[in-house]
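Here is the structure we will look at.
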Amino acid sequence: MKVAVGLSGGVDSSVAALLLKRAGHEVVGITMRLWQEGRYAGGAHDACFGPGEVEDIAAAAAFAERIGIPYRVFDCASAYEKEILAYFRSTYLDGKTPNPCVFCNAKMKFGLLPDLAAAQGLAFDKFATGHYARVEERDGRFALLRAKDARKDQSYFLYRLSQSQLARQLFPLGELTKEEVRQIAAEAGLAVADKPDSQDFYSGDRNELLGAPPREGNIVSTDGRVLKRHNGFWNYTIGQRKGLGIAAREPLYVVRLDACRNEVVVGTKDELTRTEFRVTDMQWGIFAPREGRAPARPQPIPCRVKIRSTGEPRGPATFEMEPSGEVICRMLSGLTGVTPGQSAVFYESDGDAVLCGGVIV
């Protein structure tokens, strides 16, 4: 089988390609070029988007040569600026918190990159990456499942993959732990065996991407009392506690951002907790109907839910579909930090499959 592997220059994608080659597949490495030298300053630490991309591409090329596979790089910088950075900027300035990695995966890494490779004459049957997740077919649908290594599971970041994307996808690391992956790399003598994981979206100051000048506003309590001044609501996120610099009898958290008033609203942990929230822009996962509409299902549907990439799915919970296509999630016990703009991903109540997911309103 011919397999195109998305190489990042890190240990995970390298081991994914190595395992596929050892299994006898015809493997080719492909990489997106995203960084536009001189447009942004970036920073020194490792991230998905930054000037360190030059070294990452060099590492991927050296790895491909080492194991004897072809390697090609595709320029996706213009599309990344238009699709991901514009989304990042507009979401923050609308008072919400974006999920750039979620949308980059669906639109760029698993979308534009393999599509562009195929359009430019690269023939392959499957596309593979070093993400920690699994795919299985269920009754004619492809289900995205959590990885064996729950600590490294990346299904939250992948929930927006379509049925057609999942149908062509391979996750060679889905049944492995991170320790096993590093051991395979070390035993193979790969230079990236001990390379640290990239943790951030952007290597520099996110305000550089936003391009918004400082704008003074108020930090207020939930009852409207002005507590402090700030330099722009976009510098804060829901659930934030550190860095507020406000003395109070009990800890204060950011509970709401008001873009129109340029206000940051703070309150107690109880005021931050939600037992019900609304989700839109749904990706229906294993519920995806062939005709492309939201499915009709008995309601409410039992589930567990994640509103952050880290931690275990929380439950018991239910979600209920509305005629508008939006979903209402209800929790038996409350969640803190339910953040507009972030993703809510719904999992089986007693399994590992992603049921569906969307953007928190």
Review point. Which residues, counting only those in the stretch 210-222, are farther than 13 Å from Glu263 by Cβ and in a loop (DSSP other than H, G, I, E, B)?
Key: Gly211, Ala212, Pro213, Pro214
Check your understanding: When you go through Phe171, Phe157 one by one, which is the residue that is touching a His at 6+ places or on another chain (Cβ under 7 Å) and within 23 Å of Ala117 (Cα to Cα)?
Key -> Phe171
Review point. Has the stretch 185-200 got any residue that is part of a helix (DSSP H, G or I), of a type in the set (Gly, Ala, Ser), surrounded by 14 or more Cβ atoms within 10 Å (Cβ to Cβ) and assigned by TED's automatic domain parsing to the domain that holds Phe88?
Key: yes
Point to revise | Residue under evaluation Thr237, criteria (1) under 23 Å from the mean Cα position of the chain (by Cα); (2) not in a loop (DSSP other than H, G, I, E, B), criterion not met | key: (2)
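Scan the stretch 240-260 for residues that are out of contact with any strand residue (DSSP E or B) (no Cβ under 9 Å at 6 or more places or on another chain) and either under 17 Å from Thr273 (Cβ atoms) or not in a loop (DSSP other than H, G, I, E, B) (or both) and report the count.
In the first step, residues of the stretch 240-260 are kept if they are out of contact with any strand residue (DSSP E or B) (no Cβ under 9 Å at 6 or more places or on another chain); the result is 242-243, 247, 249-251, 259-260.
Retained after the next criterion (residues that are either under 17 Å from Thr273 (Cβ atoms) or not in a loop (DSSP other than H, G, I, E, B) (or both)): 250-251.
Residues in the stretch 240-260 being out of contact with any strand residue (DSSP E or B) (no Cβ under 9 Å at 6 or more places or on another chain) and either under 17 Å from Thr273 (Cβ atoms) or not in a loop (DSSP other than H, G, I, E, B) (or both): 2 in total.
Does the stretch 97-114 contain any residue that is in a loop (DSSP other than H, G, I, E, B) and more than 30 Å from Gln240 (Cα to Cα)?
No; the residues of the stretch 97-114 include none that is in a loop (DSSP other than H, G, I, E, B) and more than 30 Å from Gln240 (Cα to Cα).
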Check your understanding: In the stretch 245-271, which residue that is aliphatic (A, V, I, L, M) and closer than 22 Å to Val361 by Cβ is surrounded by the most Cβ atoms within 10 Å (Cβ to Cβ)?
Key -> Val264
Practice item. Give the residue that is nearest to the chain's Cα centre (by Cα), with candidates limited to residues of the stretch 78-102 that are buried (at least 20 other Cβ atoms within 10 Å of the Cβ) and of a type in the set (Phe, Trp, Tyr). Key: Phe88
Review point. What are the residue pairs meeting all of these: first residue in the stretch 54-71, first residue under 12 Å from Ser8 (Cα atoms), second residue surrounded by fewer than 17 Cβ atoms within 10 Å (Cβ to Cβ) and among the charged types (D, E, K, R), Cβ atoms under 9 Å, and 6 or more apart or on different chains?
Key: Val54/Glu37; Ile57/Arg33; Tyr71/Glu65
Exercise for review: Identify the residue in the stretch 17-58 that is over 21 Å from Pro114 (Cβ atoms) and either of a type in the set (A, V, I, L, M, F, W, C) or not assigned by TED's automatic domain parsing to the domain that holds Asp194 (or both) and, among all such residues, is surrounded by the most Cβ atoms within 10 Å (Cβ to Cβ).
Suggested key: Ala47
Study note, to complete from the structure: Per the filter on the stretch 311-361, residues in a strand (DSSP E or B), of a type in the set (D, E, K, R) and surrounded by fewer than 18 Cβ atoms within 10 Å (Cβ to Cβ) are Glu320, Arg330
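The values are calculated or read from the model by the stated rules, or taken from the named source; none is laboratory data. Please read all numbers here as calculations on a predicted model, not as lab measurements. In this analysis, Cβ positions are derived from the backbone assuming ideal geometry, glycine residues included, and neighbour counts consider all displayed protein chains.
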